[in-house]
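One structure is given here, and the rest of the page talks about it.
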Amino acid sequence: MSTRGGERTVLAGAGLVGSLLALFLARRGKTVEVFERRPDMRREAISAGRSINLAISVRGLHALEQVGLGKDALAHAIAMPGRMIHARDGGLAFQAYGKDDSQCIHSISRGFLNQMLMDAAEATGRVRLSFRRRVTSLDPEARVLTAEADGGPAERIEGAIVFGTDGAGSAVRKAVVEARGGTSTEQLLAHGYKELTLPASAEGRWRLERNALHIWPRGDFMLIALPNEDGSFTCTLFLAFRGSPSFETLEAPGAVRGFFREHFGDVEPMLPDLEAQFANNPTGSMVTVKCSAWHVDDRAVLLGDAAHAIVPFFGQGMNCGFEDCVVLDGLAAPGARREEVFARFEQLRKPNADAIADMAVENFVEMRASTADPRFLLEKAIEKRLLAELPGEFVSRYALVTFSRAPYRVAYDAGRIASGIVSELAEGVRSAAEVDLGRARALVAARLTPFLRERL
Ligand SMILES: Cc1cc2nc3c(=O)[nH]c(=O)nc-3n(C[C@H](O)[C@H](O)[C@H](O)COP(=O)(O)OP(=O)(O)OC[C@H]3O[C@@H](n4cnc5c(N)ncnc54)[C@H](O)[C@@H]3O)c2cc1C
């Protein structure tokens, strides 16, 4: 992908996707300018962004491997081979994510990852990161981008080829959609989230099982916890903004402690400063963004949350954004026409982004409600048995999304077929062991195998 004289390669946003993209572009020989509205998190203590830690899986790790950072990331990540379900009575049940412990997701600090990517981008000598610079407008036709310094004058950048990596509330998306006469929808979830830190023990150890993603499913709301390197966990409460119970009802004096005691009795004593954290930590919102235009000819393109913010219940937002970078880089062979690269990128990625957006919403119901449902547990056990006993034949949606790089669209459709098979096999049995494997094999061969053969 070539850059003509007088052109400047400009990125809006140095979050996870912007920092990784800068690195990919620099490796292709580009000189890259990045405008980030926040201060430099490597020099000032600011919140890491939308969550303290997150789950990285195969797609995200593959992207990091392409820029030589896979091992460095994993060295600071904690493997989570399954989810630990916390029942109301304190009972624990571990549900493996994959066929064995080699298939796991990893908890990683967002701040660490972002800083590592910024350092690596700068180390190329081709990337200049400018902080406290907010992109305020873009005129793709004129190739002019405007960025404002904190309290300073606005800067006009002419000849800008813009990569919009400015997250869910993207200013670049607004300009791109307008220029193409497209549409953009931002669907806000009725639930919000609040993060709380569950500190390490006095000995600096994890007070819950370290190698698991913990879930307290409670129907309409849930608590989850991901481990951090320092022995702490980051807990996240997902709860409706309004109604009962909701963030609104928890505003009453004493309500938070009572709510945790009632619904998350095992973890409540481990949160001595619960009230203070609850009052001081922000309540975040979650949005699904779908927009019909991702680029303006060869002048601007959107990646990451700017193009396709999704709710976090499949742990794929960042993974998907990192995969965007890999796909764009793969299309950008030397000499490739930029307009064609951007157009092909949109064509390839948009159906996949829509698919993971829908799967993420569906997974919210699975996480908060179904993980405690006996029928769901039976189907999960059958799925696990099929994964183990029919390797290379049976695949689940979760495995395709999390442990493979199959297009999300294929994972979506294959998942439907697979869960239909599992649901049929679950009829009339009380345990996974009772399932007739011959029948299972025949169903898989008739429905799933031909689909995967055609689509992969
Ligand atoms: C609670 C929660 C948990 C999550 N957990 C996971 C998970 O486990 N796994 C996973 O894969 N994903 C997860 N995600 C999703 C993930 O956070 C996002 O997909 C990811 O951060 C997207 O990266 P990004 O760089 O596109 O956007 P962002 O991380 O939002 O970064 C955008 C950057 O642009 C900057 N910016 C914004 N506007 C401007 C402007 N006008 N000018 C200049 N700079 C600007 C911002 O300051 C920011 O630094 C989670 C999200 C949430 C909310």
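Could you list, in sequence order, all residues of segment 106-160 that are open to solvent by less than 20 Å² (accessible area, probe 1.4 Å) and either outside any strand (DSSP E or B) or basic (Lys, Arg) (or both)?
Residues satisfying the conditions are 111, 113, 114, 117, 118, 121, 140, 159.
Can you say whether residue 249 is within 13 Å of the ligand (Cβ to nearest atom), more than 30 Å from residue 336 (Cα to Cα) and not hydrophobic (A, V, I, L, M, F, W, C), as far as the supplied structure shows?
Working: within 13 Å of the ligand (Cβ to nearest atom): no; more than 30 Å from residue 336 (Cα to Cα): yes; not hydrophobic (A, V, I, L, M, F, W, C): yes.
No.
Applying the selection to segment 230-269, what residues are of a type in the set (Phe, Trp, Tyr) and within 30 Å of residue 78 (Cβ to Cβ)? Talk me through it step by step, then tell me what you get.
Taking segment 230-269 first, the residues of a type in the set (Phe, Trp, Tyr) are 233, 238, 241, 247, 259-260, 264.
The answer is 233, 238, 247, 259, 260, 264.
Does segment 59-71 contain at least one residue that is open to solvent by less than 70 Å² (accessible area, probe 1.4 Å) and modelled with pLDDT under 95? Talk me through it step by step, then tell me what you get.
Of the residues in segment 59-71, the ones open to solvent by less than 70 Å² (accessible area, probe 1.4 Å) are 59-64, 67-70.
Next cut, modelled with pLDDT under 95 only: none.
The answer is no, given that none of the residues of segment 59-71 is open to solvent by less than 70 Å² (accessible area, probe 1.4 Å) and modelled with pLDDT under 95.
Those residues that are free of Cβ contacts under 8 Å to residues at least 24 places away in the same chain, under 23 Å from residue 189 (Cα atoms) and either of a type in the set (Phe, Trp, Tyr) or exposed (fewer than 15 other Cβ atoms within 10 Å of the Cβ) (or both), I need them from segment 256-289; list them, please. First the steps, then the outcome.
Within segment 256-289, the first condition is being free of Cβ contacts under 8 Å to residues at least 24 places away in the same chain, and the residues that meet it are 256-262, 268-269, 272-273, 275-276, 279-280.
From the residues that got through so far, the ones that are under 23 Å from residue 189 (Cα atoms) too are 256, 259-260, 279-280.
Answer for segment 256-289, where residues must be free of Cβ contacts under 8 Å to residues at least 24 places away in the same chain, under 23 Å from residue 189 (Cα atoms) and either of a type in the set (Phe, Trp, Tyr) or exposed (fewer than 15 other Cβ atoms within 10 Å of the Cβ) (or both): 259, 260, 279, 280.
With respect to residue 430, determine if the residue is open to solvent by 60 Å² or more (accessible area, probe 1.4 Å) and assigned to a loop (DSSP other than H, G, I, E, B). Steps first, please.
Details: open to solvent by 60 Å² or more (accessible area, probe 1.4 Å): yes; assigned to a loop (DSSP other than H, G, I, E, B): yes.
Answer is yes for this residue.
Of all residues in segment 357-379, how many are at pLDDT below 90 and open to solvent by 50 Å² or more (accessible area, probe 1.4 Å)?
5
If you scan segment 286-322, which residues turn out to be over 17 Å from residue 224 (Cβ atoms), under 16 Å from the mean Cα position of the chain (by Cα) and assigned to a strand (DSSP E or B)?
287, 288, 289, 290
Condition first: near the ligand (Cβ under 9 Å from one of its atoms), within 15 Å of residue 144 (Cβ to Cβ) and buried (at least 24 other Cβ atoms within 10 Å of the Cβ). Now tell me which residues in segment 165-183 satisfy that. Before the answer, list the steps.
Here is the first cut: in segment 165-183, the ones near the ligand (Cβ under 9 Å from one of its atoms) are 165-172.
With within 15 Å of residue 144 (Cβ to Cβ) added as a condition, the list becomes 171-172.
If the condition is that a residue be near the ligand (Cβ under 9 Å from one of its atoms), within 15 Å of residue 144 (Cβ to Cβ) and buried (at least 24 other Cβ atoms within 10 Å of the Cβ), then 172 is the only one that fits.
Okay, residues lined up against (1) within 16 Å of the ligand (Cβ to nearest atom); (2) open to solvent by 10 Å² or more (accessible area, probe 1.4 Å):
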site: 300; (1), (2): yes, no
site: 318; (1), (2): yes, yes
site: 324; (1), (2): yes, no
site: 327; (1), (2): yes, yes
site: 331; (1), (2): no, yes
site: 345; (1), (2): yes, no
site: 350; (1), (2): yes, yes
site: 355; (1), (2): yes, no
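Any residue in segment 410-424 that is at pLDDT 95 or above, closer than 30 Å to residue 89 by Cβ and open to solvent by less than 10 Å² (accessible area, probe 1.4 Å)?
Checked against the condition, which is being at pLDDT 95 or above, closer than 30 Å to residue 89 by Cβ and open to solvent by less than 10 Å² (accessible area, probe 1.4 Å), segment 410-424 yields at least one hit.
The values are calculated or read from the model by the stated rules, or taken from the named source; none is laboratory data. Not measured: the values here are computed from a predicted model. Ideal geometry is used to build each Cβ from the backbone, glycine not excepted, and the neighbour counts take in all protein chains shown. Please note that ligands, DNA and RNA were not included when accessible areas were found on the heavy atoms of the full protein model with its side chains. Shrake-Rupley method; radii C 1.70, N 1.55, O 1.52, S 1.80 Å.
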